[in-house]
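Trainee: Structure incoming, see below.
Just so it is clear, none of the values below were taken in a lab; they were calculated from the coordinates. All values derive from a computational prediction rather than experimental measurement. All Cβ positions, glycine included, derive from the backbone under ideal geometry; neighbour counts span all protein chains shown.
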Ligand SMILES: [Zn+2]
């Protein structure tokens, strides 16, 4: 299968779905991660243009460990909007190019505006990508595919309907998260937040809910014709 995770920031896949993506790789899927925003405002000391480059490299490092492809729409933080035609076309391009069997993205009730905008863009673009006469940078069309919404940050507001056991992947997930040095170090030094502990705690809590050690949680986007009788998540 072709699996496409469309996330907002360069580290969001590692936070919420990378254990699942690692399991997809193990079963032979092709995995692409696209971060829509470039993360250029995720610091208060490193200049924005430097941070943009640094964070793209951090995401690529994590992708190399996970053995999946990482691409970006390169939209600046806090400048991504559902109603921006160019942004819709950028996401349509990615979907048409990957031809995913399913898409993983943020839930529409997540904690900050860029995550919400990306969720809405993915919902809109996944339909637009299936319409032959919607013109974007990539010709042809994609199917209307199931969408799985990742856990919200800290699990707030998510009522999971599906779980993926990531017990065997948790160590690699944490290693990949640490690739995002600009974020992990900044939060430890500046905010006193151990984000590794934060993420591992969320995985443990979701594991507790479904009877395994560590898990990632999802809710299905219930909209015709995305619904399916098949289990597509690993
Ligand atoms: Zn984010």
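Trainee: Identify all residues within the stretch 174-192 that are closer than 21 Å to residue 35 by Cβ and either in contact with a strand residue (DSSP E or B) (Cβ under 9 Å, 6 or more places away or on another chain) or free of Cβ contacts under 8 Å to residues at least 12 places away in the same chain (or both); write none if there are none. Full working, then the answer.
Mentor: Of the stretch 174-192, the ones closer than 21 Å to residue 35 by Cβ are 174-187.
185, 187, listed by residue number.
Trainee: Considering only residues of the stretch 2-19 that are away from the ligand (no atom under 13 Å from the Cβ) and more than 15 Å from residue 65 (Cα to Cα), which is nearest to the chain's Cα centre (by Cα)?
Mentor: Selected residue: 4.
Trainee: Same structure, new question: What are the residues in the stretch 57-115 that are closer than 16 Å to residue 137 by Cα, without any contact (Cβ under 8 Å) to a residue 60 or more places away in the chain and assigned to a helix (DSSP H, G or I), if any?
Mentor: Once the filter is applied, which keeps residues that are closer than 16 Å to residue 137 by Cα, without any contact (Cβ under 8 Å) to a residue 60 or more places away in the chain and assigned to a helix (DSSP H, G or I), the stretch 57-115 yields 85, 86, 87, 88, 89, 90, 92, 93, 96, 97.
Trainee: I would also like to ask the following. In the stretch 5-43, what residues are farther than 18 Å from residue 112 by Cα and surrounded by fewer than 24 Cβ atoms within 10 Å (Cβ to Cβ)?
Mentor: Once the filter is applied, which keeps residues that are farther than 18 Å from residue 112 by Cα and surrounded by fewer than 24 Cβ atoms within 10 Å (Cβ to Cβ), the stretch 5-43 yields 22, 23, 25, 26, 27, 28, 29, 30, 32.
Trainee: Just checking, does the stretch 170-191 include any residue being within 16 Å of the ligand (Cβ to nearest atom), more than 20 Å from residue 70 (Cα to Cα) and not in a helix (DSSP H, G or I)?
Mentor: So far as the stretch 170-191 goes, no, none of its residues is within 16 Å of the ligand (Cβ to nearest atom), more than 20 Å from residue 70 (Cα to Cα) and not in a helix (DSSP H, G or I).
Trainee: Can you say whether residue 130 is over 17 Å from the mean Cα position of the chain (by Cα), away from the ligand (no atom under 14 Å from the Cβ), crowded, with 18+ Cβ neighbours inside 10 Å and part of a loop (DSSP other than H, G, I, E, B), as far as the supplied structure shows? Give the derivation first.
Mentor: On the way: over 17 Å from the mean Cα position of the chain (by Cα): yes; away from the ligand (no atom under 14 Å from the Cβ): yes; crowded, with 18+ Cβ neighbours inside 10 Å: no; part of a loop (DSSP other than H, G, I, E, B): yes.
Here the answer is no, as residue 130 does not meet what is asked.
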